[in-house]
Amino acid sequence: MNEFLAFVERFRPGYAATVRGAQESEIRGLENLAGRAMPAAFRHYLGIAGHDNGRLPLYGGEADFRFATLVRFCQAPTWKLPPNLVYIARDGSGLGMDLYLDTSQSGDDPLVLRMPPAPAPDEVETEFPSFTCMLYFLVFQELGLPVLAHRAQFRDSGEIPWGTRAPETRLSTLRRTAAMLGFSPVPHTGEWAAAYQRADAGITAYEPPKYGPTYSVAASDAAALSKIEEVLAASLGLLRVG
């Protein structure tokens, strides 16, 4: 089975039977309409789940990644895309913050951006370090953590203002702490969108540019969650907020 489908199947058995990918000829047609090549990672996704992603709750189910939506945008774009951007999803939340890939630094698995049409510079939000990271991080956060009975949200205590401490330092500390607690990294996550898994628990840490960090922890029993909370408070100065 495809690696991504197998990953989702861990949390939603039978998922692979619910998706429908686009044909190679359809993807080439989309590229012709868009006037640019689809990055390899996104191309791969389209081939697996382009027409139907099995109601995967990416962005809470409010992001529309359907192939037909991409075709409609290319046929009647709401703005003229710079050559480095690839449109990948429509925002269904009403905010108009659609999703794009920025191929200026990587043509295979690019940065994920969120922005309104023809954005001003301060309206561009950097969402994930790569498309593949986005898929695995959101699946784990939206499907993996909720299967665990006890969950909590954390933030920095404020003892060290988040803007004065490099994200790499904080997330490196989390990586070491997670390993000490017996967690392993969720495949393809990392940088400032990191996730860690253990048989009875999971952790996500998200710190995109311009925003403060958020941490989510889930565990199968209250004692395990309490222990993780204790260690995170000591190593990272985190406070529980929910």
Worksheet item: Scanning region 54-80 for residues that are at pLDDT 95 or above and among the charged types (D, E, K, R), which turns out nearest to Glu127 (Cα to Cα)?
Response: Asp64
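Given Leu148, Leu143, Leu135, which one is within 16 Å of the chain's Cα centre (by Cα), surrounded by fewer than 20 Cβ atoms within 10 Å (Cβ to Cβ) and within 30 Å of Ser226 (Cα to Cα)? Walk me through how you get there before you give the answer.
Numbers: Leu148 fails: within 16 Å of the chain's Cα centre (by Cα); Leu135 fails: surrounded by fewer than 20 Cβ atoms within 10 Å (Cβ to Cβ).
Matching residue, one of Leu148, Leu143, Leu135: Leu143.
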Fill in: Condition check for Arg170: basic (Lys, Arg), surrounded by 15 or more Cβ atoms within 10 Å (Cβ to Cβ) and modelled with pLDDT of 95 or more
no
Response to the item:
Residue hits (region 209-229; in contact with a Phe, Trp or Tyr (Cβ under 6 Å, 6 or more places away or on another chain) and in contact (Cβ under 8 Å) with a residue 60 or more places away in the chain) are Thr214, Tyr215
Practice prompt. Determine the pairs where a residue that is under 15 Å from Met134 (Cα atoms) and in contact (Cβ under 8 Å) with a residue 40 or more places away in the chain, located within region 96-110, has a partner that is among the aromatic types (Phe, Trp, Tyr) and exposed (fewer than 14 other Cβ atoms within 10 Å of the Cβ) with Cβ atoms under 8 Å apart, the partner being 6 or more residues away or on another chain.
Written response: none
Practice prompt. Of all residues in region 173-199, count the ones that are loosely packed, with under 15 Cβ neighbours inside 10 Å and either at pLDDT below 95 or not in a strand (DSSP E or B) (or both).
Written response: 6
Discussion item. Every residue in region 177-204 that is more than 20 Å from the chain's Cα centre (by Cα) and in contact (Cβ under 8 Å) with a residue 40 or more places away in the chain, please.
Written reply: Thr177, Met180, Leu181, Asp200
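Can you report the number of residues in region 108-119 which are surrounded by 14 or more Cβ atoms within 10 Å (Cβ to Cβ) and either among the hydroxyl-bearing types (Ser, Thr, Tyr) or part of a loop (DSSP other than H, G, I, E, B) (or both)? If you could, list the steps in order and put the result at the bottom.
From region 108-119, those surrounded by 14 or more Cβ atoms within 10 Å (Cβ to Cβ) are 108-116, 119; that's our starting set.
Okay, now just the ones that are also either among the hydroxyl-bearing types (Ser, Thr, Tyr) or part of a loop (DSSP other than H, G, I, E, B) (or both), so 108-110, 116, 119.
Here the count works out to 5.
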Worksheet item: Given the residues Gly163, Gly92, Gly96, Gly158, which is the only one that is modelled with pLDDT under 95, within 19 Å of Asn53 (Cβ to Cβ) and surrounded by fewer than 19 Cβ atoms within 10 Å (Cβ to Cβ)?
Response: Gly92
Worksheet entry | Hits in region 72-84 (condition: outside any loop (DSSP other than H, G, I, E, B) and either closer than 17 Å to Arg114 by Cβ or within 23 Å of the chain's Cα centre (by Cα) (or both)) | Phe73
Practice prompt. Can you run down the residue pairs with Cβ atoms below 6 Å, 6 or more apart or on separate chains, where the first is in region 58-69 and part of a helix (DSSP H, G or I) and the partner is modelled with pLDDT of 95 or more?
Written response: Leu58/Leu138; Phe67/Ala22; Phe67/Gly50; Phe67/His51; Thr69/Arg90
Practice prompt. Give the residue that is farthest from Val19 (Cα to Cα), with candidates limited to residues of region 37-48 that are over 16 Å from the mean Cα position of the chain (by Cα) and of a type in the set (A, V, I, L, M).
Written response: Ala37
Fill in: For Ala222: the one exception among (1) in contact with a strand residue (DSSP E or B) (Cβ under 6 Å, 6 or more places away or on another chain); (2) modelled with pLDDT under 95; (3) exposed (fewer than 15 other Cβ atoms within 10 Å of the Cβ)
(2)
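When you go through Val124, Val86 one by one, which is the residue that is aliphatic (A, V, I, L, M) and without any contact (Cβ under 8 Å) to a residue 12 or more places away in the chain?
Numbers: Val86 fails: without any contact (Cβ under 8 Å) to a residue 12 or more places away in the chain.
It is Val124.
The values are calculated or read from the model by the stated rules, or taken from the named source; none is laboratory data. The structure displayed is predicted, hence computed values, not measured ones. Cβ coordinates were reconstructed from backbone atoms using ideal geometry, including for glycine residues, and neighbour counts include every protein chain displayed.
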